[in-house]
Structure formats: structure tokens, C-alpha cells
Amino acid sequence: MTLIQSPADVFAAVQKVKAGASAFCTNFFPVESKLQGWIARQELSVEPAAGAVFIFRNDRDFRHLYFCAANPGALEQGMAALPDLKTMRLATDLVGKDSTLDPLLAALEKNGFRRHLRLQRLARIDRPETAGNGPAAGFAEKADCPAILELIESSFDRYGEQLPLPYEMEAAIAGRQALTVKRDDELAGMLFFETQGKASTVRFWAVAEKFRARGVGSALMHQYFQIHAAVKRFTLWVDARNENAIQKYRHYGYAPDGLIDHVLVNEMIPA
Amino acid sequence: MKSVVEILREIRPEFDFTASSDFIADGLLDSFDMVTLVAALDKNYGVSIPGTDIVPENFQNRQTIETLLRKCGAQL
């Protein structure tokens, strides 16, 4: 495995696989700024194989596994030859329409990965928002960072939901991408979002258990829509089993857009 | 053969791609859309857009996409 030193290393590795590929497939969709950040922090390494290339990203005590392959067969065979597959804690995912993912799921499952989580993308298209009556939500402050991270860690899945590390959360707060509601200086709830032009994604929306059913989540969501009046497309990913969360998002105009994210983990990660 | 704008509309029907000069900065395409778009362009125009060219500046607007396609040998 080789440490990735520049985006050019990634592009070159991908190009080797993509040239002449019969059914190119990948789960690697980084935005450029994130890719550069991962490389700068030496979090990415690459392992080439015949007809495929594998990219590993460090996260806490495990690694995310990304791939580019000429076709599902090359993915299966390339993965079988990976020396670190049996020794590393690995999580990977497959994004696409449900019906198109079966060959890739089979390739991963034949290599010892098991299904861990199924996320569903919801989208909300330009729906007018009415004002809420809940408590006031405001932008998070630097001092809120530890409490926000703790709430996220306790509310979401670490292998499947791309939980932020402290540096990422600090940058989000500095960039006014996190809203909070506080009660007596205690974090009652938070909403972390990423906005690019006319599109915005809710990364995490959570209310601390003891503050639930008090309008905290509603206040966060109303504030979020209020500061995004110019946005045309809102999206988010949610655990497909979490009916309660899906119902709440439906209340705000979100609906499934057909995109699914299957998260799989290898046998080094205990069930 | 579909035009670039028709392919873009299939991927993101809610946006008016003719009114934007920077699809990425305006949030009309995200990174997943870019990969979907590349696959659709490859198939529609019978080309293989190199991985080294899958960068935001080549997908900023219709003109940059068409320039990229011509470079890859597509007949527009």
C-alpha cells in the first residue's frame, strides 16, 4: 500500500483502470477540497490490482475502502488479492439505484463483507417554508465543538455515516455550517449542513435525549430552511430502517429520490 | 444522440442548466452526479473520458463539457 501524495496520484490510478473498462464501477466520489484535505493529512493510500485500484482512508480505528474497477468481476478478483483484507478493519459502501447494485454487492460479499447499514437519500425540491414557533436556533460556536461531536458520535453509525473528526467539525463551525439550540448553556440539539450554491445537504440533525419533544429539532430545521432561502435542492441520507427520522423528514417535504447507499463492513469489525 | 443539456436534465431535472455558467459552484451537480454524468457521456458519445479529466473545471458548464467531449474524440 502506498501513501497518496497528490490528487494526480489518484487520477493516474483511476485512469489506468478506466481506460478500456467494459463496465467501469466505483464508489469513490470525493469533492476536490475533501480529497486535498485527506491527502494533506496523509489519510489516503492506494493499492493497485489487475483491473482495479483500491483506495484506503483512515478514520478512527478503521479504514474506509474505496475502489475503481473495470467491471464487477475485476472488483471481485482484485479484492480477493488484497493482502490487507483479512487484517484491517474495513468499511465500504455502494451508492446507486438499488436495482443496479446487485453485482457489486455480490463481489463484496464473496470477499467477506457483510451488509451493515442501508442509507436512503431523501430530497426536497424548493418547497416554501413556514416559520416555526420553537426555541431560538443559532450558529454553533467554537466552544460547542466537543458537545456537538459527542452528540453525533452517540446518535449515528460510525462505520456508515461518515462522522466528522474534530478538525472537520471545527472547520464547519468556522464556516457557519452548524446550528445549535442550547438550554442553560447545555447543547440541546444540532444541525450540521453543507451548502454549495443552490444545493444543500443536511449531514447530521440530532437532539439530545433529555431535550426531545420540546421543539428543538423543529427550531433547528426551520432555521436551516430560513437561512437557505435561495437553495433549490435539499438532500440528506438517512438510515432506511429509521422510520421515525424518515417520518420527520417527510414532514419537512423530503421524499426518497431513489438513491441508496449500502454500507458493508468486513469480518474484522465485530457484528 | 442526446445533447449535453438533455443528459444533464435527465440527471437533475429540477435545475435549469441553461441559466448557469458554473454548475459546480451553483450546486447543480454534486460529486456523485459528476460520475453519473461521465458514465452517461461516455455511453452517449462512445468515448472514454479519462480519469485525469474528471475535474470540476471540465464540468463547469455546457461549453466546457463539449470541449472535453471533442478532446475525447466525440462528434457533437
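Read-outs throughout are calculated quantities, based only on the coordinates presented, and are distinct from any laboratory measurement. No experiment lies behind these values; they were computed from the predicted model shown. Cβ sites come from the backbone with ideal geometry, for glycine too, and all protein chains shown count toward neighbours.
Summarising the amide proton neighbourhood of A:Arg203: residues at separation of 5 or more, or on other chains, whose placed amide H is nearer than 5 Å comprise A:Phe192, A:Phe193, A:Glu194.
Between B:Lys71 and A:Arg114, the C-beta separation translates, for a Förster distance of 41 Å, into a calculated FRET efficiency of about 0.45. Taking a ≥ b ≥ c as the square roots of the eigenvalues of the alpha-carbon gyration tensor, region B:7-76 is classed prolate because a/c is 1.5 or more and a/b outweighs b/c. Annotation: the residues A:Val265, A:Val238, sorted from fewest to most other C-beta atoms within 10 Å of their own C-beta, follow the order A:Val238, A:Val265.
Eigen-decomposition of the gyration tensor built on the alpha-carbon atoms of region A:1-53 gives equivalent ellipsoid semi-axes of 21, 12, 9 angstrom, largest listed first. Database remark: amide H of A:Ala123 closer than 5 angstrom to the amide H of A:Ala255, A:Asp257 (H placed geometrically; neighbours at sequence offset of 5 or more, or on other chains; Pro and chain starts carry no H). Compared with the dominant Cα axis of chain A, that is its longest principal axis, helix A:216-226 is turned about 80°.
For the pair A:Asp61 and A:Ala12, label points projected 7 Å from Cα toward Cβ lie 3.6 nm apart.
Residues of region A:180-200 falling in the label zone of A:Lys210, defined by backbone nitrogen less than 18 Å from a point 7 Å along Cα to beta-carbon, are A:181-190. The H on the amide N of B:Gly27, modeled in the peptide plane, is under 5 Å from the matching H of A:Lys198, each at least 5 residues off or on a different chain.
Rg of the Cα atoms in the protein assembly as shown, relative to 2.2 N^0.38 Å, amounts to 1.02. Using a cut-off of 19 Å between Cα atoms, the listed pairs A:Lys182/A:Lys232; A:Lys18/A:Lys110; A:Lys34/A:Lys97; A:Lys142/A:Lys182; A:Lys198/A:Lys248; A:Lys18/B:Lys43 include A:Lys182/A:Lys232; A:Lys18/A:Lys110; A:Lys34/A:Lys97; A:Lys198/A:Lys248 as exceeding that distance. 3J(HN,Hα) couplings calculated from phi for region B:14-24 with the Karplus curve 6.51 cos²θ - 1.76 cosθ + 1.60 (θ = phi - 60°) are, in sequence order, 7, 9, 9, 6, 7, 9, 10, 9, 8, 4, 6 Hz; Gly and Pro show x. Within region A:2-118, all pairs of alpha-carbon atoms sorted by distance into 10 Å bins from zero give the percentages 13, 48, 34, 4. Treating r as the C-beta distance of A:Glu32 and A:His228 and R0 as 22 Å, the FRET efficiency rounds to 0.45.
The charge dipole of chain A, taken about its Cα centre with unit charges on the Cβ of Lys, Arg, Asp and Glu (plus for the first two, minus for the last two), comes to roughly 560 debye.
Which FRET efficiency value, to the nearest 0.05, is calculated for B:Val5 and A:Asp184 with the Förster distance at 41 angstrom and r the Cβ-Cβ distance? For R0 = 41 Å, the calculated efficiency reads 0.15.
Scalar couplings 3J(HN,Hα) for region A:165-181, obtained by applying the Karplus form with A = 6.51, B = -1.76, C = 1.60 to θ = phi - 60°, are 8, x, 5, 5, 5, 4, 5, 5, 5, 4, x, 6, 10, 9, 10, 9, 10 Hz; x denotes Gly and Pro.
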